[in-house]
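Data first, discussion second: the structure below is written as structure tokens.
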Amino acid sequence: MRITVIGAGAIGGNLARKLSLAGHDVQVADARGPEAVTAEVLEAGARAVALDASAQGRDAIVLAIPFAVQGQLAELFATVPAETVVIDTSNYYPHLSGRIEAVEDGGQVESVYASELLGRPVVKAWNAALAETQRTRGLPAGTAGRIAIPVAGDSAEATKVAMSLVDDTGFDPYDAGSLADSWRQQPMGPAYCTELTLDELPAALAAADRIKDAAVRDSMFERFAALRDNPTLDDIVDMNRAAHR
């Protein structure tokens, strides 16, 4: 597939490498310009392009940018064909994104809000796995214990495309329902960054509680402070799981 990844940070860089290794035609755009895309991101064959030239002629566009700035791309997406699949990987954290009234007080689901900002449908994927999990713990399809990643969207065809790409990055995709249901994979629910298998993930999504999960999200700094110095990936995953025991 012809794929553009917008954002060259930890998530975007990782996805660009993995999707390139899977044989896709990948280009990477960053708001700071092509020169901001590191050689490491491009080492598997992806190429850096200017942001304003990144969205045309692509089968899928992956947004790996902060939640709060997605609206800045509305003009870019106004010219993107309707059949292009747009995948949102972002998460809303008030202390990072700034307090967004529609989400915080109005209860709007993160990716529904993002879809409105962009003026087009999106699919939610890759948001519920830590960057280090995505970088180091992908496994071939069929491997026992493979970590599952929820995918939510309103178009069956777009969701199918996103699920196929999740599989290509080393994780079992799980159809988590409509975009309106994607709050179940938002921070910090039982399915969020807890490294569950395909057998375990459905129950975790079902157990999500919007009020409790938001409180867990807002206690993140306190919980991190309680960890040992230089916590490992396993330490962080265990911390996330413990919040829902």
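The values are calculated or read from the model by the stated rules, or taken from the named source; none is laboratory data. Fair warning: this is a prediction, and the values are worked out from it, not measured in the lab. We place every Cβ from the backbone using ideal geometry, glycine too, and count neighbours over all the protein chains shown. With ligands, DNA and RNA removed, areas are computed over all heavy atoms of the protein, side chains included. Shrake-Rupley method; radii C 1.70, N 1.55, O 1.52, S 1.80 Å.
For region 159-195, taking the residues that are among the aliphatic types (A, V, I, L, M) and within 20 Å of LYS18 (Cβ to Cβ), the one that is surrounded by the most Cβ atoms within 10 Å (Cβ to Cβ) is identified as ALA162. Quick one: is GLY119 surrounded by fewer than 22 Cβ atoms within 10 Å (Cβ to Cβ), touching a residue at least 24 places away in the same chain (Cβ under 8 Å) and over 25 Å from GLY71 (Cα atoms)? Judged against the criteria, GLY119 is not a match. ARG135 satisfies every condition listed in (1) touching a helix residue (DSSP H, G or I) at 6+ places or on another chain (Cβ under 6 Å); (2) open to solvent by 30 Å² or more (accessible area, probe 1.4 Å); (3) more than 20 Å from TYR93 (Cα to Cα); (4) free of Cβ contacts under 8 Å to residues at least 40 places away in the same chain except (4). Whether a residue is in contact with a strand residue (DSSP E or B) (Cβ under 9 Å, 6 or more places away or on another chain), over 23 Å from GLU116 (Cα atoms) and modelled with pLDDT of 95 or more was assessed, and VAL166 passes this test.
Scanning region 10-45 for residues that are in a helix (DSSP H, G or I) and among the basic types (Lys, Arg) yields ARG17, LYS18.
Considering only region 179-205, state which residues are assigned to a helix (DSSP H, G or I) and polar (S, T, N, Q). If the condition is that a residue be assigned to a helix (DSSP H, G or I) and polar (S, T, N, Q), then SER182, GLN185 are the ones that fit. The set of residues in region 216-234 being over 20 Å from GLN134 (Cβ atoms), open to solvent by less than 60 Å² (accessible area, probe 1.4 Å) and assigned to a loop (DSSP other than H, G, I, E, B) consists of SER219, LEU227. Taking every residue in region 217-238 that is within 12 Å of MET188 (Cα to Cα) and pairing it with any residue that is aromatic (Phe, Trp, Tyr) and assigned to a loop (DSSP other than H, G, I, E, B), at least 6 positions away or on another chain, the pairs with Cβ-Cβ distances below 8 Å are ARG217/TYR93; MET220/TYR93.
Assessment of region 161-178 against the conditions (in a loop (DSSP other than H, G, I, E, B) and over 28 Å from VAL26 (Cα atoms)) yields no matching residue. Taking residues in region 99-111 that are within 18 Å of GLY177 (Cα to Cα), and partners anywhere that are assigned to a helix (DSSP H, G or I) and open to solvent by less than 30 Å² (accessible area, probe 1.4 Å), the pairs with Cβ atoms closer than 9 Å and at least 6 places apart or on different chains are VAL109/VAL103; VAL109/LEU179; VAL109/SER182; GLU110/PHE67; GLU110/VAL103; GLU110/SER182; SER111/LEU179; SER111/SER182.
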